[in-house]
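The values are calculated or read from the model by the stated rules, or taken from the named source; none is laboratory data. Keep in mind that this is a model prediction, so the values were computed, not measured. For neighbour counting, all protein chains shown are included, and Cβ atoms are generated from backbone atoms with ideal geometry for every residue, glycine included.
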């Protein structure tokens with residue numbers, strides 16, 4: 001009466017993955033423990049990065065909302081000032097140990113520009129970089145990234 005594939009070592013389709021269910025439950029418990037503190041920590045990192053970038057660059061803007069109540073707190077997409085060597089920015093950041101992306105996480109490794117940025121008419125002649133934050137990111141990580149980004153632009157490394 002029940003048709004299914006060969007998953008679950010040949011048992012009938014629909015066999016519950018008890019270990020997976022228990023594991024998911026524990027993962028959810030861990031993810032939601034101290035969620036407010038986690039959100040506050042990550043928001044403070046993002047807010048600090050925004051203010052530092054604004055203080056170092058006149059010609060900078062951010063894609064999407066950056067206000068706390070309207071923004072995804074774990075991601076910041078930055079449009080940096082135009083530079084002739086914009087294509088080397090992500091490579092240079094990577095050499096400095098700063099993980100960043102020019103598109104979505106699911107398209108990392110692709111050399112094609114972000115279809116989302118194109119869709120919102122972002123200036124694709126300027127470097128657009130996405131930074132992500134987590135509970136494991138520290139304020140020292142943000143300060144290091146800011147210092148290196150400023151050095152890259154001031155020393156015309158890119």
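Scan the range 51-67 for residues that are farther than 18 Å from residue 82 by Cα and in a helix (DSSP H, G or I) and the total you get is 2.
Under the condition of being part of a loop (DSSP other than H, G, I, E, B), surrounded by fewer than 18 Cβ atoms within 10 Å (Cβ to Cβ), at pLDDT 70 or above and under 16 Å from the mean Cα position of the chain (by Cα), the residues counted in the range 101-142 number 4.
Filtering the range 1-29 to residues that are at pLDDT below 90 and either in a helix (DSSP H, G or I) or touching a helix residue (DSSP H, G or I) at 6+ places or on another chain (Cβ under 8 Å) (or both) leaves 8, 9, 10, 15, 17.
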